[in-house]
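Each reported figure results from applying straightforward, stated rules to the coordinates on display, with no laboratory input. Values in this document were obtained by computation on a predicted structure and should not be read as measured data. Here the Cβ positions follow ideal geometry from the backbone for every residue, glycine too, while neighbour counts run over all protein chains shown.
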Amino acid sequence: MTIVLEQWLHDKIRQECQQNAIFSGYSGRQLQEKINRTEINKYHFYKLRESLKYAYNNSSFYRELYNQNGIEPDKIVSVDDWDKVPFTTPEALIENPGRLLCVSLGKIARTISILSSGTTGRPKKILYTPQDIDKIVDFMSAGMRAVASEGDVVHIILHGGSAYGQLDLLARGVAKMGATPIKAGVDHTPGEHLELIKTNRATLIFGQTGRIYRITQELLAEGHELSNLGVRILYLTSVYLPGAMRRRLESAWNCEVYLHYGMSEMGLAVATECSEHNGFHMNEADLYLEIIDPATGRIIEDETEGEMVFSTLTRAGVPLIRYRTRDISRWIKSPCSCGAATLLRFAGTNRRLESIMKLSSGDEIYPSLFDDVLYSIPQLFDYEVEVSEQRGKEQFLFTIETIGQDLMVAETINKILMNCPVINKNINSGRMFPPAINLIPYGSLDHSRRAKKLILDKRNI
Ligand SMILES: [Zn+2]
């Protein structure tokens, strides 16, 4: 069986070797028919150094950062020196969009503004050159080929249909691998999506998880049968999917669900789930991933959880070097049974550093903590959690969007929540009131105002 992403990466490295005499000298030998992990590692370090030098020579931000920290790119001579290179933070992207830029503005084809989940409200800006865009589309195409086949009709539910927008780029990637993109966008009602899916005989639906879950729930609530439409794959953008949600989607559409991990800073497409549905293989031709201890900054080599830190290897517009994503993950070191023997694999996890909150008991909570139990309720569309404090005790308020507001649903939800360990434990120790539950009709939660789901903290602290 051909492992698409692995072959794609090996081809990129061979290409680099053929076109770049310095790299082929550095890599030390003619590349064999089969590329092994050592050669991929050499490619990574070669590209990291190139990227570091490029950033130092062309961006005033990096030059100042490295001068201040005593980093001379020429003195980073082995991969063991890499951890001396300082991190780049999301704040740097917010504060200095122009100073990170390595080319003149005239060479920029597209600017992406990213809503930040922090409190400043100022967006991060990333600028891409046409070459950057080509590389993004190329990986999108490879990622799509890893999941879909030529002849698939791909119904795409994303923002950004104008040139180089998210939707446009993915459509280009789909077309490049020989499937047919349908640029559905995000403005249609669920009923209109259904009509388009039927008319175009879509076989794959691509989009953001929450949005596709909502569309599915609404169509099911209206009595539509989705299992016989011929949609064989839902390809969803998220790094984590509650098991209950995956099972419901697979059974509703009679399909297989694949996840795709995207991040605008890294060029939207970062990694894709393989046929094993246990972790992600990433774009190792253009990105280098480290997992670090967020407290000490030290690189984690084993499977301990830490913060994902990415470096771009080929980016011309705004290279990001040791960029702290605030996303938590861990390596999966065992060989992947999909057969990709030389590719790295990282796990999808359900937390981001900035969305973790502590209760007075010291217990950590985060937005997806209740996903698995709550999404097992078929009537639930979405929910929001708020923590408040009265008379020295904490209380959760769950605002839950459901179809039907009957008492049975409220009772089921209450029972499920009372059985959650974190709630149960804190009520028993006298630190928490039982949760309050507010059922609202579907369509009432407005998620458009923020980038990521957060727990609202209304405590007086
Ligand atoms: Zn795999």
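Points worth noting:
- Counting every other Cβ atom within 10 Å of each residue's Cβ, Asp83, Asp132, Asp363, Asp152 order from fewest to most as Asp83, Asp363, Asp152, Asp132.
- Net charge of the neighbourhood of Gly160, taken over other residues with C-beta under 11 Å away and scored Lys/Arg +1, Asp/Glu -1, is +1.
- Near-label residues of region 311-331 by backbone N, under 19 Å of a point 7 Å along Cα→Cβ of Asp302: 329-331
- Scanning residues 5 or more positions from Asp152 or on other chains, those with amide H under 5 Å from its amide H are Thr180, with H placed 1.01 Å from N in the peptide plane.
- Considering only Thr237, Asn278, Phe346, the residue lying farthest towards the positive end of the dipole of region 130-350 is Thr237, judged by Cα position with unit charges set on Cβ.
- Across region 318-326, computed HN-Hα scalar couplings (Karplus, 6.51 cos²θ - 1.76 cosθ + 1.60, θ = phi - 60°) run 10, x, 10, 10, 6, 7, 7, 8, 6 Hz from first to last residue, x flagging Gly and Pro.
- Alpha carbon centroid spacing (whole Å) that separates region 204-237 from region 292-354: 30
- Translational D in µm²/s for the chain (Stokes-Einstein at 10 °C, 1.306 mPa s, Kirkwood Rh from C-alpha pairs): 67
- Relative contact order, whole percent, for the chain stands at 12, derived from Cα pairs under 8 Å and 6 or more residues apart.
- Computed lengthening from Glu91 to Glu276, 0.36 nm per intervening residue step minus Cα-Cα distance: 63.0 nm
- Distant-in-sequence amide H partners of Leu439 (H built 1.01 Å from N, under 5 Å): Ile400
- Antiparallel bridge percentage (DSSP; both residues within the chain; nearest 5): 60
- Dipole magnitude of region 356-457 about its Cα centre (Cβ charges: Lys, Arg +1; Asp, Glu -1), debye to nearest 20: 300
- The Kirkwood radius of region 130-350, taken over pairs of alpha-carbon atoms, gives through the Stokes-Einstein law at 20 °C and 1.002 mPa s a diffusion coefficient of 119 µm² s⁻¹.
- Within-12-Å neighbourhood charge of Glu91 [Cβ basis; K, R +1; D, E -1]: +2
- Computed helical MRE - 222 nm, the chain, DSSP H runs ≥ 4 contributing -39500 (n - 2.57), nearest 500: -10000 deg cm²/dmol
- Between Ala295 and Ala221, residue separation times 0.36 nm minus the direct Cα-Cα distance comes to 22.0 nm.
- For region 1-152, a crude dipole built from +1 on the beta carbon of Lys and Arg and -1 on the beta carbon of Asp and Glu, taken about the Cα centre, is about 260 debye to the nearest 20.
- Among Ala21, Ile156, Thr314 the positive-end extreme of the charge dipole of the chain (Cβ point charges): Ala21
- Fraction of beta bridges assigned by DSSP in region 356-457 that are antiparallel (%, nearest 5): 55
- Cut-off 12 Å between beta-carbons: net charge of the residues surrounding Glu218, Lys and Arg +1, Asp and Glu -1: -2
- The chain - charge dipole about Cα centre, Lys and Arg +1 at Cβ, Asp and Glu -1, debye rounded to 20: 740
- Less than 5 angstrom separates the built amide H of Arg326 from those of Met308, all sequence-distant by 5 or more or on a different chain.
- Considering only Val422, Asn96, Thr399, and ranking their Cα positions along the charge dipole of the chain that arises from unit charges at the beta-carbon of Lys, Arg, Asp and Glu, the one farthest toward the positive end is Asn96.
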